[in-house]
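Here's the structure we're looking at; comments come further down.
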């Protein structure tokens, strides 16, 4: 992972592992909203810096929140 100019990119750390959060709830919409784009797409792991386990949980929670109409599928 090299940036322009030869500097090495800083490895992002999982925010949930750092804070010690074990359970991510689909009803916690403000937290989940940070992991979607302004168009409503789920941000990938390489952008968010989450570990694989928490990224899967976030994805499932976002999908569940969309079905329960807590979050929109698309934002226009």
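All of the numbers you see were taken from the coordinates with simple rules; none came from a lab. This is a predicted model, so every value here is computed, not measured. A quick note on method: Cβ atoms are made from the backbone with ideal geometry, for glycine too, and the neighbour counts reach across all protein chains shown.
Observations on the structure shown:
- Sole residue being surrounded by 15 or more Cβ atoms within 10 Å (Cβ to Cβ), within 26 Å of residue 9 (Cα to Cα) and touching a helix residue (DSSP H, G or I) at 6+ places or on another chain (Cβ under 6 Å), chosen from 26, 35: 35
- Qualifying residue in region 45-65 (condition: in contact (Cβ under 8 Å) with a residue 24 or more places away in the chain and surrounded by fewer than 11 Cβ atoms within 10 Å (Cβ to Cβ)): no
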